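In what follows, a structure is listed as structure tokens, so that the remarks can point back to it.
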Amino acid sequence: MNLILLQPGDVIGNRAVVRGEAARHIHGVLCAQPGDTLRIGLLDGPRGTGTLLAGTAEAAELDCAFEAEPPPRPAIDLLLALPRPKVMKRLWAQLAALGVGRIMLTNAARVERNYFSTHVLDPAFYTTLLIEGLQQAQDTRLPLVSVHRQFKPLIEDELATLSDAPLRLMADPAHGGAGPSSPSAPGRILLAVGPEGGWVPFERDLLARHGFTPFGLGARTLRSDTACIALMSVLAHVQAANSGLQPTP
């Protein structure tokens, strides 16, 4: 836990009381003592520092000082054909750690219908995992999540209101290549990743008609969770390079 992420209700004025896993981490892992300074953040708000006033494994009281502005929302949106529940469970924290602004989970021809009845899509379940990823990456911006049981209406009618990304990319191992061409300027990117069996021709054609450019990472066909992480890493590197930032190793 590289950042103690506070809920808005935890903070009153400049004081915060944290309980549960965060308190146990401060007490048992960080072994923090009164007067120690900890990295903190407010969910969907700014980062800052917290000075430990008192703490046990049950609760920790912090004196908080926050930055003026929250970090920007990550500039990659993800359109993902819903994978198997156990795969999606693994992905939640990883996606938040890598940095994604919005996650749109969609149906597709090769997605099993029963995937949509899993508890893995319950906000009470996945929010905890998203927060775990944010704390790992020292971010505060919770990804926006939406679930779409119909692929065609999502692409034709809803997508424009969900993501204003000027660059749309469709992961397609049949395309080959070594990754996307770098955009001329940094900006928002919408990445579409298909199911284990890939997009069917109708889905590829529909995405292409709505501005998605196919690209791949080479000749290897990857599992959907591996592909998500690899592709998002490539795009984050592209954005960092175009922003004049040094990518974080």
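The values are calculated or read from the model by the stated rules, or taken from the named source; none is laboratory data. Every value quoted in this text rests on a predicted model; they were computed, and no experiment measured them. Don't worry about glycine lacking a Cβ; one is built from the backbone with ideal geometry, like all the others, and counts go over all protein chains shown. These area figures cover heavy atoms from the full protein model, side chains too; ligands, DNA and RNA do not enter into them. Shrake-Rupley method; radii C 1.70, N 1.55, O 1.52, S 1.80 Å.
Looking at (1) of a type outside the set (Gly, Ala, Ser); (2) modelled with pLDDT of 95 or more; (3) touching a helix residue (DSSP H, G or I) at 6+ places or on another chain (Cβ under 9 Å), which is the only condition Pro173 fails?
(2)
Considering only residues that are buried (at least 23 other Cβ atoms within 10 Å of the Cβ) and of a type in the set (A, V, I, L, M), which ones fall in segment 70-84?
Within segment 70-84, Ile76, Leu78, Leu79, Leu80, Ala81, Leu82 qualify.
Please list, ordered by residue number, the strands (runs of 3 or more DSSP E) wholly in segment 6-69 having 1 or more residues that are without any contact (Cβ under 8 Å) to a residue 40 or more places away in the chain, surrounded by fewer than 17 Cβ atoms within 10 Å (Cβ to Cβ) and not basic (Lys, Arg). Walk me through it before giving the result.
Numbers: elements: 15-19, 37-42, 47-55, 59-66.
Where strands (runs of 3 or more DSSP E) fall fully within segment 6-69 and carry at least 1 residues being without any contact (Cβ under 8 Å) to a residue 40 or more places away in the chain, surrounded by fewer than 17 Cβ atoms within 10 Å (Cβ to Cβ) and not basic (Lys, Arg), they are 37-42, 47-55.
What number of residues within segment 184-203 satisfy the criterion of being within 23 Å of Ser233 (Cβ to Cβ) and buried (at least 16 other Cβ atoms within 10 Å of the Cβ)?
Counting residues in segment 184-203 that are within 23 Å of Ser233 (Cβ to Cβ) and buried (at least 16 other Cβ atoms within 10 Å of the Cβ) gives 12.
So for segment 131-146 (the condition being more than 19 Å from Ala236 (Cα to Cα) and surrounded by fewer than 17 Cβ atoms within 10 Å (Cβ to Cβ)), does at least one residue qualify?
The answer is yes, given that some residue of segment 131-146 is more than 19 Å from Ala236 (Cα to Cα) and surrounded by fewer than 17 Cβ atoms within 10 Å (Cβ to Cβ).
Out of Phe116, Phe125, Phe151, which single residue is free of Cβ contacts under 8 Å to residues at least 24 places away in the same chain, open to solvent by less than 70 Å² (accessible area, probe 1.4 Å) and of a type outside the set (Ser, Thr, Tyr)?
Result of the check over Phe116, Phe125, Phe151: Phe125.
Provide a single number: the residues in segment 85-98 that are open to solvent by 10 Å² or more (accessible area, probe 1.4 Å) and touching a residue at least 60 places away in the same chain (Cβ under 8 Å).
Total meeting the criteria: 3.
So how many residues does segment 192-221 have that are in contact with an Asp or Glu (Cβ under 8 Å, 6 or more places away or on another chain) and either of a type in the set (A, V, I, L, M) or assigned to a loop (DSSP other than H, G, I, E, B) (or both)?
6
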